[in-house]
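Okay, structure first, notes after.
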Amino acid sequence: MIILNVRDLSFSYGANRILDGVSFSVDSQDRCGVVGVNGAGKSTLFALLNGDYEQDGGDIQFARGTTIGYFRQNNDRVDDESIGDAVRRVFSDVLAMEAEISALEDKLGRDQDGAALDRYDKLRLQFEMAGGYEYRSRIRGVLNGLDIGEGIDDRTPVSILSGGQKTRLALALMLIKPPAMLLLDEPTNHLDVRSLEWLETYLKNFKNSLMVISHDRYFLDAVTTRTLEIEYKRLAAYTGGYSAYVKQKDEDRAVQERQYENQQKEIARLEAVIEQFRRWNTERSHITAKSREKALNRMERVDRPAAMQKKINIRFDNTVSNSQDAMYIDGVTKAYAGRRLFEPFSATVRRNDRIMVMGPNGCGKSTLLRMLAGQLAPERGGAVEAGQRIEMNYFDQEQIDLDEESTVFLEVFDEKAGKTAAQIRGLLGAFLFSGDDIFKKISMLSGGERARVALVKLVLSRANMLLLDEPTNHLDINTREKLEEALLDFKGVVLAVSHDRYLIRKIATRIFYFEGGRIYDFAGGYDDMLRYLAQRGTFASGDAAGGAAASAASAASAAGPAASATATKATKAAKAVNAAGSALTAKSASAAGPAASAATAQSSAKQNWLAARENRSRQKKSETRIAKLESEIDSIEKRLADISSLMKTDDVASDHVRLIELASEQGDLNARLEALLAEWEALSSDIVL
């Protein structure tokens, strides 16, 4: 069933035409990604669909009774209310019915009024249809899934929330009571990876119509089934998510180019033939020329493929450091208002490392980056020291260091960069600032334009260590792709906080991963980390004999950060035991002579036998317990797989009560699984020792 039909839609800002002859339709269960460069008109299209603007021409027709939910990029939340007030406003009709049902129950308890009983039955049915029996559970599920924040409840004033929390709250209020059509404009901004995955799962199971604007390619591939591209004021529809759209567009363009070129050759041939007939200047040749000319005019012309959208050109020209170690991080930690963000963290950053900093919102990722950039001092004696000839530059996601009253040109012009005014103009042109754009004030720029100005300053810095805080926020897909290419070619250190999984997967060679108040230094890319997190605790134990520490280190290296920590402890313990035993044996032998040495050796052999027997006994108990743990872990994982399959079925997905029950069981099982895996890991480490 078609829920939306748009025909020949046109819209202008003053003399600037934004959309021209846009036509498309959306079915009741379509999930459409809307893509295009910044300024193409994506948000304008949503505003037109929502009725915020009046189109210049064309028709917008919704199916009768269609309700629309519109999530804007910059949601203006009312700050003088609590979270509870905001939620209750969404369910005001349900709450009113609930209050009336309660009053009718009191009345019917005293007096069996026929009219009241009829009203009560009708109201109960309406209440059920409106989701009255599960709305509280739905509220908890959505708020928890989008991670509004630890320690925040329904009495918390909206005014104390951060900008990201307010954005997530606005998104939560939209999803708590979903309309027939959702219009989501950049919903992934301010979401960490965990919340992104929750939102992806929610939207993949969403039964109504969805249109979403996003520059997150990973998200679009996961969620959307159709792609609508706005380019050169027109709209083209493609089947499939982002990757399928890119492939199809390239193929279509190649076909159109071949058809256009072949037709142009045919047109040139026919024109030459016509001209030749005219040169012969006979009656018959004139008749033939006119006939051929009419045929040429009737030919349906293939349009020349539109010029490729101009893309940004990013290239970092950095100085080179001779030092293999770019930075030493020693015991850095930070606390705010008595709450410790993360435990002391130490690491050595190597030359050419591309490190991505990942973790949930509020865990301290940006705080760590600011400490490494020297903008924030670490606590408890922690220290950060840069290597020789390391020149750092810090990219702030909010671009707070930009002078609002400065122009684009003056903001990036730096005499120390050794660039002339003409060279600066050329560089700005490569970043899509042309003509009078370079004289715009920073305060007049969009989020994407501000980000491009900050990138120009980064390029001019010639830094060999880039500290980037959410560098892809506000950038369109073309610019993100060019930034990825530039970072891959960069001959220096990249250390970036990001939730852009496409970027992380493409460039990461190492990951600082925040979890449970600790930072794990993970050697590997994004897919390696995902495999580790999915299989945590399943790495094999090493032999109990002489090579135990090496076996633990080898297993941990394959398994990931937590295992690496275990292996380090095992190695240290083994070295300490060996060193202590050697020192004791040497001292005793020296003091007592040959007989004493023999007695000591016999005593030592007995002690070793007793220690070995005790160790075997302990390991046997551990192995028995491990077998039980593994059996229970297998059972839980099978049940979690069953729950995941059930939640994807149509029957369960449309049954909110059953879905909530399964989600609750899933949460309990995951908590139990974490505890079992932690115990398993500890026992396995004991066996290695």
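The values are calculated or read from the model by the stated rules, or taken from the named source; none is laboratory data. The structure presented is a predicted model; accordingly, all values stated were derived computationally and were not measured. Note that each Cβ is placed from the backbone with ideal geometry, even for glycine, and that neighbours are counted across all protein chains shown. Heads up: the accessible areas ignore ligands, DNA and RNA and are worked out on the full protein's heavy atoms, side chains in. Shrake-Rupley method; radii C 1.70, N 1.55, O 1.52, S 1.80 Å.
For the condition touching a strand residue (DSSP E or B) at 6+ places or on another chain (Cβ under 8 Å) and touching a residue at least 12 places away in the same chain (Cβ under 8 Å), what is the one hit in 329, 312? From the options 329, 312, the qualifying one is 329.
One residue stands out in region 202-215 among those that are at pLDDT 90 or above and of a type in the set (Ser, Thr, Tyr): the one that is surrounded by the fewest Cβ atoms within 10 Å (Cβ to Cβ), namely 214.
Within region 96-123, the set of residues being closer than 16 Å to residue 133 by Cβ and either open to solvent by less than 50 Å² (accessible area, probe 1.4 Å) or of a type in the set (Phe, Trp, Tyr) (or both) comprises 97, 101, 120, 123. Figure legend. Inter-residue proximity from region 151-165: first residues within 16 Å of residue 363 (Cα to Cα), second residues modelled with pLDDT of 65 or more and open to solvent by 50 Å² or more (accessible area, probe 1.4 Å), beta-carbon distance below 7 Å, spacing 6+ or different chains. Indicated pairs: 164/190. Summed over region 430-476, residues that are under 23 Å from residue 392 (Cα atoms), more than 21 Å from the chain's Cα centre (by Cα) and in a loop (DSSP other than H, G, I, E, B) total 5.
For region 332-354, name all the residues that are assigned to a strand (DSSP E or B) and surrounded by 15 or more Cβ atoms within 10 Å (Cβ to Cβ).
Once the filter is applied, which keeps residues that are assigned to a strand (DSSP E or B) and surrounded by 15 or more Cβ atoms within 10 Å (Cβ to Cβ), region 332-354 yields 332, 333, 334, 341, 342, 344, 345, 347, 349, 350, 354.
Check region 167-185 and report whether any residue there is hydrophobic (A, V, I, L, M, F, W, C), open to solvent by 30 Å² or more (accessible area, probe 1.4 Å) and either without any contact (Cβ under 8 Å) to a residue 60 or more places away in the chain or under 24 Å from residue 359 (Cβ atoms) (or both). Scanning region 167-185, I find no residue that is hydrophobic (A, V, I, L, M, F, W, C), open to solvent by 30 Å² or more (accessible area, probe 1.4 Å) and either without any contact (Cβ under 8 Å) to a residue 60 or more places away in the chain or under 24 Å from residue 359 (Cβ atoms) (or both), so the answer is no. The residue of region 502-523 that is farthest from residue 490 (Cα to Cα), among those that are out of contact with any Phe, Trp or Tyr (no Cβ under 8 Å at 6 or more places or on another chain) and surrounded by fewer than 21 Cβ atoms within 10 Å (Cβ to Cβ), is 516. Before we move on, is residue 313 open to solvent by 30 Å² or more (accessible area, probe 1.4 Å) and at pLDDT 85 or above? When the stated conditions are applied, residue 313 does not pass them.
Considering the conditions (1) among the small types (Gly, Ala, Ser); (2) within 26 Å of residue 231 (Cα to Cα); (3) touching a residue at least 60 places away in the same chain (Cβ under 8 Å); (4) open to solvent by less than 30 Å² (accessible area, probe 1.4 Å), residue 446 is excluded by exactly one of them, (4).
Yes/no per residue for (1) β-branched (Val, Ile, Thr); (2) farther than 28 Å from residue 129 by Cα; (3) touching a Ser or Thr at 6+ places or on another chain (Cβ under 9 Å):
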position	(1), (2), (3)
158	yes, yes, yes
193	yes, yes, no
204	no, no, no
208	no, no, yes
212	yes, no, yes
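In the set 376, 369, 402, only one residue is open to solvent by less than 20 Å² (accessible area, probe 1.4 Å) and assigned to a loop (DSSP other than H, G, I, E, B); that residue is 402. What do you reckon, is residue 55 under 15 Å from residue 3 (Cβ atoms), in contact (Cβ under 8 Å) with a residue 40 or more places away in the chain and either out of contact with any Gly (no Cβ under 7 Å at 6 or more places or on another chain) or among the hydroxyl-bearing types (Ser, Thr, Tyr) (or both)? No; evaluated as a whole, the condition is false for this residue. Mind checking whether some residue in region 402-422 is within 30 Å of residue 501 (Cα to Cα) and in contact with an Asp or Glu (Cβ under 9 Å, 6 or more places away or on another chain)? Within region 402-422, one or more residues are within 30 Å of residue 501 (Cα to Cα) and in contact with an Asp or Glu (Cβ under 9 Å, 6 or more places away or on another chain).
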